[in-house]
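Novice: This is the structure I want to talk about, given as structure tokens.
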Amino acid sequence: MARAPTVKLNSGFEMPVLGLGTFSLNPTSFLEAVKYAIDRGYRHIDTGLPYGSEKDIGVALKEKIAEGVIKREDMFITTKLWCIHHEPDKVEYGCRLALKNLGLEYIDLYLMHFPVGFILVDDETYQPKKPGSDVVTTNDVDYVDTWKAMEKLVEKGLVRSIGLSNFNAEQTERVLKICKIRPVVNEVECNVEINQSKLLKFCKDRDIILMDYCPVVRANPAKKTPACLYNDRTQAIADKYKKTPVQIALKYLVQRGTVPVPGALEKPMIDENIDIFDFKLTADEMKYLDSLNTGKRICEFEFVDKNHKYYPFNAEF
Ligand SMILES: NC(=O)c1ccc[n+]([C@@H]2O[C@H](COP(=O)([O-])OP(=O)(O)OC[C@H]3O[C@@H](n4cnc5c(N)ncnc54)[C@H](OP(=O)(O)O)[C@@H]3O)[C@@H](O)[C@H]2O)c1
């Protein structure tokens, strides 16, 4: 059974360097996937309110604890404060909602999902849009005020570590300037096509771990997409280590000191994605994988007005 090693966060807690992502483009249950992943050695699960997977994770954890496969403290659960709960007086409410969904007494890592706040209609309206509009109704809540409210969650023992997601360097710096409790991670889209080398250096210099979402570029081996993974050179590297192009893509990320959370529902893929800790890519291979960077994003959060003052992706990094 494969196991991911851990990395020490600036909060002092250890985080496994690979987790199971639980977002799906099609509404689905992650219950079987999470239970299987735990059986196969995964100890880190990544979720968020709008993924709809928190309750499945809660049930899976309860069952696996009852079976004696894990204890609560063996698991590292990452979830996120969604944009509808950015107002400082809504932050604890958002956190308690996640705790209730997950059936947990504490969350290991709680991230601000995105720097822009949305109006709150109800807890299930994740993208509050006016009829006929393509973009959500945002508000002007400053994410540094949201951050200060998130610090209180640590002080109350509801969460162990707090972090950011989809923050650019300047926004991260603003949080660092005002914080009492430092962000431990920034979870951003990062893979061979958008390798975030500048943001990675910025974060490393500040003892912030970069977590990678969309780490396998939403691979589809049947369709041989994306081309950066399914080509002769990447395949040759995969063949050399008796691995797949997806495993090479994940190893590249881990070897750079980042933490991928590949989403997978199928058992063979769940097995494959954690089976990357028995080989090491050479400097030349890392250089080749670096060269695949085009900066192309999959997740632009197209439902957010790009002119909003806190929209993060207009900056270079
Ligand atoms: N913070 C954020 O704003 C944010 C945004 C997006 C995602 N995330 C997190 O990051 C996680 C990963 O991102 P993602 O799921 O969008 O993209 P991803 O991990 O790059 O791709 C997931 C897709 O790749 C396929 N796949 C996974 N492992 C594979 C393998 N070994 N071989 C072939 N195909 C494989 C999966 O197939 P199947 O569908 O068949 O399993 C799924 O369709 C999410 O689940 C979520 O937890 C966070």
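The values are calculated or read from the model by the stated rules, or taken from the named source; none is laboratory data. Owing to the predicted nature of the structure, the values given are computational and were not obtained by experimental measurement. With ideal geometry, Cβ positions are generated from the backbone for all residues, glycine too; neighbour counts draw on all protein chains shown. Please note that ligands, DNA and RNA were not included when accessible areas were found on the heavy atoms of the full protein model with its side chains. Shrake-Rupley method; radii C 1.70, N 1.55, O 1.52, S 1.80 Å.
Novice: Quick one: of the DSSP bridges fully inside region 84-193, what percent are antiparallel, nearest 5?
Specialist: Counting only bridges with both partners in region 84-193, antiparallel ones make up about 20 percent.
Novice: Still on this structure, please answer the following. Which values, in whole Å and largest first, are the semi-axes of the equivalent ellipsoid of the chain obtained as the square root of 5 times each eigenvalue of the Cα gyration tensor?
Specialist: In descending order the semi-axes read 29, 23, 19 Å.
Novice: Quick check: Cα centre of region 61-93 to Cα centre of region 110-163, how many Å?
Specialist: 16 Å
Novice: Restricting to bridges with both residues inside the chain, how much of the DSSP beta-bridge set is antiparallel, in percent to the nearest 5?
Specialist: 20 percent
Novice: Would you mind checking which residues have amide H under 5 Å from residue 112's amide H? H placed 1.01 Å from N; only 5 or more apart, or other chain.
Specialist: Hits under the 5 Å cutoff: 81, 163, 164, 165.
Novice: What FRET efficiency, computed as 1/(1 + (r/R0)^6) with R0 = 45 Å and r the Cβ-Cβ distance, is obtained for residue 278 and residue 306, rounded to the nearest 0.05?
Specialist: E(calc), rounded to 0.05, equals 0.55.
Novice: Longest span of the chain, sites excluded, free of GluC sites (Glu not before Pro) in DSSP loop with at most 10 other C-beta atoms within 10 Å?
Specialist: Working: sites that count: 105, 124, 266, 302, 316.
Excluding the exposed sites themselves, the longest stretch runs over 125-265.
Novice: Of all the accessible heavy-atom surface of the chain, with the other protein chains kept in place and a 1.4 Å probe, what percent is carbon and sulfur? If you can, show how the numbers build up before the last one.
Specialist: On the way: 7080 of 13990 Å².
In the chain, the share of accessible area belonging to carbon and sulfur is 51 percent.
Novice: Can you run phi through the Karplus equation (6.51, -1.76, 1.60; θ = phi - 60°) for region 102-109 and list ³J(HN,Hα) in whole Hz, with x for Gly and Pro?
Specialist: 3J(HN,Hα) across region 102-109, in whole Hz: 7, x, 10, 8, 8, 10, 6, 9.
Novice: Starting at the first residue of region 51-61, write each ³J(HN,Hα) from the Karplus equation 6.51 cos²θ - 1.76 cosθ + 1.60 with θ = phi - 60°, in whole Hz, x for Gly and Pro.
Specialist: So the Karplus estimates, Gly and Pro as x, are 6, x, 9, 4, 5, 4, 5, x, 5, 4, 5 Hz.
Novice: Right, something else. Counting each DSSP H run of 4 or more residues in the chain as -39500 (n - 2.57), what helix-only mean residue ellipticity at 222 nm follows after dividing by all residues, to the nearest 500 deg cm²/dmol?
Specialist: The per-residue figure over the chain is -10000 deg cm²/dmol.
Novice: Let me ask something else. Using a basic spin-label model with each label point 7 Å from the Cα along Cα→Cβ, how many nm lie between residue 317 and residue 205?
Specialist: 0.9 nm
Novice: Give me a comma-separated list of calculated 3J(HN,Hα) values for region 144-150, in order, Karplus coefficients 6.51, -1.76, 1.60 applied at θ = phi - 60°, integers in Hz, x for any Gly or Pro.
Specialist: 6, 6, 4, 4, 4, 5, 5
Novice: Once you place label points 7 Å from the Cα toward the Cβ at residue 69 and residue 218, how far apart are they in nm?
Specialist: Those two pseudo-labels are separated by 2.9 nm.
Novice: Counting only DSSP beta bridges with both residues in region 3-139, what percent are antiparallel, rounded to the nearest 5?
Specialist: 35 percent
Novice: Between residue 197 and residue 129, what is the spin-label point distance in nm, taking each point 7 Å from the Cα along the Cα→C-beta axis?
Specialist: It is 3.7 nm.
Novice: Mind checking region 31-102 for trypsin sites (Lys or Arg not before Pro) that DSSP puts in a loop (not H, G, I, E or B) and that have at most 14 other Cβ atoms within 10 Å? Walk me through the numbers before you get to the answer.
Specialist: Working: sites: 35, 40, 43, 55, 62, 64, 71, 72, 80, 90, 96, 100; in loops: 40, 43, 71.
Passing both the DSSP loop test and the Cβ count: 71.
Novice: Then there is this: Can you tell me which aspartates and glutamates have their Cα less than 17 Å from the Cα of residue 280? Leave out same-chain residues fewer than eight positions away.
Specialist: 239, 272, 290
Novice: Taking the alpha-carbon centroid of each part, what is the distance from region 271-304 to region 168-232 in angstrom?
Specialist: That distance is 10 Å.
Novice: May I pose another question? Mind checking the full-extension length gain between residue 152 and residue 2? Use 0.36 nm per residue of separation minus the Cα-Cα distance, one decimal, nm. Don't jump to the answer; show the numbers that get you there.
Specialist: Working: separation 150, 0.36 × 150 = 54.00 nm, distance 3.62 nm.
That pair, residue 152 and residue 2, stretches by 50.4 nm at full extension.
Novice: Using a 1.4 Å probe on the protein heavy atoms only, what accessible surface does residue 11 show? Give it in Å² to the nearest 10.
Specialist: Rounded to the nearest 10, the figure is 50 Å².
Novice: Still on this model: Please work out the average accessible area per residue across the chain, using the 1.4 Å probe convention, and give it in Å².
Specialist: 44 Å²
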